[in-house]
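To start, the structure under review is shown below, and the notes come after it.
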Amino acid sequence: MRTLFIHPDDPSTAFCSIIYQDYLQWDDVTLINGNHISRNILRDAIRSHDRIVFLGHGTELGLLDIRYDWRYVITSSDLQFFRDKECICFWCNANIFAEKYDLNAFATGMFVSELKEARQYNLPEDQSLIDNSNILMCNILSRCIFDPIAQIRDTIYRGYVSTNNPIINFNRECMGFN
């Protein structure tokens, strides 16, 4: 299965590299990252891959390149290129995007990954709790990234758990893991 990772360059989502770093030498894995990602290069890459993994910041409207004037890298106008692909959408409120457009996807809900987001949702402003959440999620996702979509959801449901981290508990709830 040819897998494409799309990860706009952003220091606040650098932790997402955990998900793909061990696979970059594989012949059937491609990484597109950086800023000012060309739409044509992106669309060509999406066409030639079976599974697309979107990583970074975003909204219910798509994946953002926040270092390039908050421009969207992926929106509904790109659906024709990945609608029939398996997708992993790891950005805030990706679940709304995936549900609205009926994607074959594992998609996160609101995912608190930095202090300003913790503040926004009245969660503890504790970087160690946020780091623990980010690293745990990425380690689990890295281990199951090539599994079937339903199995990814089950693996994250079972593994991304904490009895004492309110950031994880909030993120789980936003993913529908009550």
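Nothing in this text is a laboratory measurement; each read-out follows from the coordinates by a stated rule. Predicted model only: the values in this text are computed from it and were never measured. Because the Cβ atoms are built from the backbone with ideal geometry, glycine has one as well, and the counts that use them run over all protein chains shown.
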**Item:** ASN35-LYS116 pseudo-label distance in nm [points 7 Å out on the Cα-to-Cβ vector]
**Value:** 1.4
**Asked** Over the chain, what relative contact order in percent results from Cα pairs under 8 Å that are six or more residues apart?
**Response** 19
**Item:** Neighbourhood charge, 10 Å Cβ-Cβ cut-off, centred on PHE82 and excluding it, Lys, Arg +1 and Asp, Glu -1
**Value:** +2
**Asked** Does the range 18-110 classify as rounded, prolate or oblate by the C-alpha gyration tensor (a ≥ b ≥ c root eigenvalues; a/c under 1.5 gives rounded; else a/b over b/c gives prolate, otherwise oblate)?
**Response** rounded
**Prompt:** Relative contact order of the range 3-44: what whole-number percent is it, with Cα pairs under 8 angstrom and at least 6 residues apart?
**Reply:** 55
**Message:** Looking only at the range 3-174, where both bridge partners belong to it, what percent of the DSSP beta bridges are antiparallel (to the nearest 5)?
**Reply:** 20
**Fill in**
From DSSP H assignment alone, runs of 4+ in the chain each adding -39500 (n - 2.57), the sum over residues rounded to the nearest 500 puts [θ] at 222 nm at -10500 deg cm²/dmol
